[in-house]
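Here the structure is laid out as structure tokens; the discussion comes afterwards.
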Amino acid sequence: MNSYVMLKMYRHLADLIFVNAVFISFFRFGKLSHVKYDIKLVNQPIRDVLISATTIGISFSIISVGLVYVVQYNQDIRIVIAAIFISIGMGRQIVATALDTVTTSMNGFLSSWASILYLLAKDRPTPEWRLIENQIERIFYDKELDFDLPAKLDGVKQDSPQVHEYLKEHALDLEYKPTITDEDHGLLAFAQHATKYIRDKLLIYDQLLKVQETGAGTSAVVLISIGTLIWLLS
């Protein structure tokens, strides 16, 4: 369990419940101009992420069942049974929502760096760059990522000094420690490392998405529906 991850998940849940739920009826938010990511979330071990999200979901289920039991235990046991089904279903939904804290950040990370690599590789003549360009295009297509450059690189060309400066400032986000030169071989070495790094992160991203989709899937809806039906019949 990781306290930083859990804090971020609780904040994400609070935003969804107390911020989005209130203002979504009054405002229509368009797509943000540029995706952002929290590198600390992106680099969390998958085990810590899953344990943190599961802990939050189970805690919610136990607390909600306990509250209903305290209020209703001597009045109608069917309501307590209904609360158990609904709480378990909602707990699964909360696990999925908590995971969204990390998967959203990972999506921003992957979209941002895939876009940067595509900017670097596009239309370069050598076979090595063409390979990277093809790999990134495949990632965009298979994973449905957005082409979304960081704000500092919006509208710049691949040989712009801003690109080189951005790479030097943020290369550690991809655990790349060698000095990045503005010569082709230096950029190519970074791009090859970054492409592999992104592919490795995609494996973790896919695993988290699978768990997230399972938690918010049919089983959670069925549990909530059964609980609601029992409550209506009580």
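The values are calculated or read from the model by the stated rules, or taken from the named source; none is laboratory data. The shown structure was predicted, so the numbers you read here are calculated from the model rather than taken from an experiment. FYI the Cβ positions are ideal-geometry reconstructions off the backbone, even for glycines, and counts take in every protein chain you see.
Summary of values
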| item | result |
| --- | --- |
| Residue satisfying condition, being in a helix (DSSP H, G or I) and surrounded by fewer than 17 Cβ atoms within 10 Å (Cβ to Cβ), within set Gln135, Gln162, Gln158 | Gln162 |
| Filter pass, Thr179 being surrounded by fewer than 20 Cβ atoms within 10 Å (Cβ to Cβ) and under 30 Å from Ile63 (Cβ atoms) | no |
| Subset of the range 138-155 (residues that are over 13 Å from Ala114 (Cα atoms) and part of a loop (DSSP other than H, G, I, E, B)) | Asp154, Gly155 |
| Criterion violated by Ile86 - all others in (1) in a helix (DSSP H, G or I); (2) under 26 Å from Leu203 (Cα atoms) satisfied | (2) |
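For every residue, the table says whether it meets (1) under 23 Å from Met106 (Cβ atoms); (2) at pLDDT 95 or above.
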| site | (1), (2) |
| --- | --- |
| Asp159 | no, no |
| Gln162 | no, no |
| Tyr166 | yes, no |
| Asp184 | no, no |
| Leu187 | no, no |
| Ile198 | yes, yes |
